[in-house]
Structures are given as C-alpha cells and as structure tokens.
Amino acid sequence: MQQKYYKKLHSTEELMAFFEASLKYIRSDQIKVRGKFQQFLRENKRFWVSLGHVYGKKGSISKAYFAFICEQLCINNLEEYDEITKIMLEYALEPSIYCRENALKALYAFGNIDAVVEVFIKLSRNNIIHHRKLVTDGLLEFKGDSVALAESLYDHFDKFNPEYQVAIIDFFRFSGERLKNKLIKLLKQRATDKDIVCALLRYYRKYPVQKYKDTILSYLTIPNDEEWECVSSAALALGKYPGEDTIHALKSALTSKYWYVRLNAARSIAQLGVEEDKLMDILQGQDLYAKEQLIYHITNRKEKRIQNV
C-alpha cells in the first residue's frame with residue numbers, strides 16, 4: 001500500500017471505512033486469507049506508527065478509535081514491543097476512560113508482559129485510576145503468557161497503587177492458584193489496605209491452604225470497627241477451613257453488630273457441616289438474629305443434601 005493511501009487514513013471517516021473493509025479479511029474462514037492480511041498490515045507498520053502520532057494530536061475520541069483499530073487488527077506480532085506499543089502506552093495516560101480502556105485492550109492484545117506491567121506502573125505514578133473490574137477483565141484477556149504475566153505483576157506489586165493492587169489480586173484469583181504460597185506474605189502485613197485484605201481473603205477462600213488458617217482466623221477478631229469488611233470476608237473464607245478453633249471463632253462472629261459478618265459466619269458454619277448439637281448454645285440462646293440466620297442456612301444445607309440423594 002502506497003504512502004499516499006495511508007495519508008487518507010488521517011481522516012477518521014476514511015479509517016472507519018478501511019476498518020469496515022478489513023473485517024472481510026480478519027473474519028475470513030480461510031487461514032491463508034487472514035495470514036496474508038496480517039502480513040500486509042505488519043509489512044506496512046511504519047505507516048501505522050505515523051498514523052498513531054497523527055491521531056495522538058487529535059481529540060480523545062479519535063485516539064480511542066485508533067487504539068480500537070490497533071487492537072482489532074492486532075497490528076503487532078504477539079509479544080512484540082515497538083513504536084506502536086509506546087504510542088498505546090501514551091494513549092493509556094489520557095484522561096478519557098474510553099481512550100484509556102481501548103489503549104489497554106490494545107496492549108493486552110499485543111501480549112507483551114513488560115508493556116502491561118509498565119502501563120500500570122505509569123498509571124499509578126500519575127494517580128490515574130481505572131475501574132477495577134475493567135482492569136481485571138482486561139488482564140484475563142491477555143493474549144501472551146498469562147502465567148508469566150501474573151508472576152511479573154506480583155514481582156512489581158509494590159509499584160502499583162491500592163486500586164490496581166486489588167484488581168490484580170482479583171486477576172490472580174480468576175487465573176489460578178499458582179501464587180497461593182506467595183500472596184500470604186501480603187495477608188500477614190497488618191498495615192495492608194483493607195480492600196487488598198478483602199481481595200486476598202477472597203483468593204484464599206477459592207484456593208484454601210490449611211496451614212494459613214491461623215492468619216485468616218486472625219482477621220475474624222480485628223478490634224477496629226472500621227475494618228468490619230475484613231472481618232466479614234474472613235468469616236466467609238473460613239467456610240473452607242475446618243477445625244474446632246474455626247467453629248468457635250465463627251460462633252463468636254454470629255453476635256457481631258455487623259449484619260454481613262453475622263450472615264457470612266452463619267454461611268460458613270453451615271458450609272462446614274457443623275452438627276446441630278454443637279450449636280445448641282446459639283440455637284437455644286437469646287440472640288434471635290443469630291439463631292434465625294443459623295437455622296436458615298442449616299435448613300438450606302439439609303435441603304441441598306436431600307436434593308443430591
């Protein structure tokens with residue numbers, strides 16, 4: 001493709017038309033057709049770099065659309081870090097959430113681990129916050145080696161602000177249990193942000209490690225009322241950690257003044273399959289709410305057992 005034709009793509013309307021025409025090739029049933037089109041794009045990479053700089057001087061909507069094109073057409077070879085990658089890193093720092101999200105999606109599609117780690121370090125340093133769920137969902141779409149990505153994000157964890165740390169822990173939780181023997185270090189740091197603690201407790205609920213039970217139990221007895229969310233998350237996580245000490249702690253949590261703490265404690269007691277004779281002090285006690293919650297979840301447990309028979 002000659003340079004004069006690429007200059008036409010300086011117009012957003014022309015770029016849109018080019019993309020619409022491209023769909024025929026990138027969605028082709030024939031592997032050979034798709035391969036030739038990708039080869040065509042990458043052989044003309046210098047023009048796309050030039051376009052990236054042109055759109056970088058336009059408004060946020062135009063930049064967002066160019067980032068979308070780069071992601072959809074997958075301009076880069078997988079795991080490549082080049083000028084287009086650097087342009088997407090710049091776009092990701094834009095105030096516009098649309099531009100930032102599309103630039104991040106392009107970086108995920110490029111599959112380069114260093115670029116993804118770099119972009120979240122830059123966002124953190126510039127105090128630019130992106131929605132947690134968008135970050136987690138985006139990381140799960142990473143086209144490169146997701147195992148190596150998780151390890152690299154963990155290695156640079158202290159360089160991210162708390163918002164990104166929570167999103168990244170959620171990514172760890174959805175992508176597997178490989179880091180279960182490393183993340184406990186964060187959970188043992190009592191000064192850790194409470195949102196991070198809750199994310200870690202959700203992780204250890206999904207991937208229980210019995211030898212870490214004492215650490216999780218310690219969060220059920222936090223004296224600081226401002227951290228009731230951590231207590232609630234710990235109560236729910238302990239449903240995967242059987243033991244007399246767990247049952248005793250959960251029974252105490254049933255009397256908490258916080259509704260979610262009591263609810264999750266009752267859920268975990270039912271999940272652990274604690275027999276009713278061990279719960280008589282609650283079932284015959286004066287705390288009506290604790291009694292009602294316990295009866296409700298024990299009844300649900302019985303009904304599920306009957307259905308499974």
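Summary of values
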{"item": "Flag for Lys57 being under 23 Å from Ile97 (Cβ atoms) and not aliphatic (A, V, I, L, M)", "result": "yes"}
{"item": "Evaluation of Phe47 against (1) surrounded by 14 or more Cβ atoms within 10 Å (Cβ to Cβ); (2) in contact with a Gly (Cβ under 9 Å, 6 or more places away or on another chain) (one fails), failing number", "result": "(2)"}
{"item": "Conditions (1) at negative phi; (2) in contact with an Asp or Glu (Cβ under 6 Å, 6 or more places away or on another chain): number failed by Gly111", "result": "(1)"}
{"item": "Counted residues, segment 2-17 - those being in contact (Cβ under 8 Å) with a residue 12 or more places away in the chain and of a type in the set (Phe, Trp, Tyr)", "result": "1"}
{"item": "Selection status of Val54, touching a helix residue (DSSP H, G or I) at 6+ places or on another chain (Cβ under 8 Å), open to solvent by less than 80 Å² (accessible area, probe 1.4 Å) and either under 29 Å from Asp137 (Cα atoms) or outside any loop (DSSP other than H, G, I, E, B) (or both)", "result": "no"}
{"item": "Options Asp155, Asp114: the member that is free of Cβ contacts under 8 Å to residues at least 12 places away in the same chain, of a type in the set (D, E, K, R) and over 23 Å from Glu227 (Cα atoms)", "result": "Asp155"}
{"item": "Neighbours by Cβ (under 9 Å, 6+ apart or cross-chain): first from segment 56-81, small (Gly, Ala, Ser); second part of a loop (DSSP other than H, G, I, E, B)", "result": "Gly59/Ser96; Ser60/Glu94; Ser60/Pro95; Ser60/Ser96; Ala64/Glu94; Ala64/Ser96; Ala67/Ala92"}
{"item": "Matching residues, segment 229-262, being farther than 13 Å from Ile282 by Cβ and loosely packed, with under 15 Cβ neighbours inside 10 Å", "result": "Gly243, Glu244, Asp245, Lys257, Trp259"}
{"item": "Subset of segment 94-135 [open to solvent by 70 Å² or more (accessible area, probe 1.4 Å), touching a Gly at 6+ places or on another chain (Cβ under 9 Å) and either over 21 Å from Glu79 (Cα atoms) or among the acidic types (Asp, Glu) (or both)]", "result": "none"}
{"item": "Hits in segment 253-276 (condition: part of a helix (DSSP H, G or I), under 17 Å from Glu227 (Cα atoms) and not aromatic (Phe, Trp, Tyr))", "result": "Ala253, Val261, Arg262, Leu263, Asn264, Ala265"}
{"item": "Segment 174-222, residues that are open to solvent by 80 Å² or more (accessible area, probe 1.4 Å), assigned to a helix (DSSP H, G or I) and under 24 Å from Asp155 (Cβ atoms)", "result": "Phe174, Lys185, Arg202, Lys206, Lys211"}
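The values are calculated or read from the model by the stated rules, or taken from the named source; none is laboratory data. Every value quoted in this text rests on a predicted model; they were computed, and no experiment measured them. Heads up, the Cβs are rebuilt from the backbone with ideal geometry, glycines too, and the neighbour counts pull from every protein chain shown. Protein only, heavy atoms only, side chains kept; ligands, DNA and RNA dropped before computing areas. Shrake-Rupley method; radii C 1.70, N 1.55, O 1.52, S 1.80 Å.
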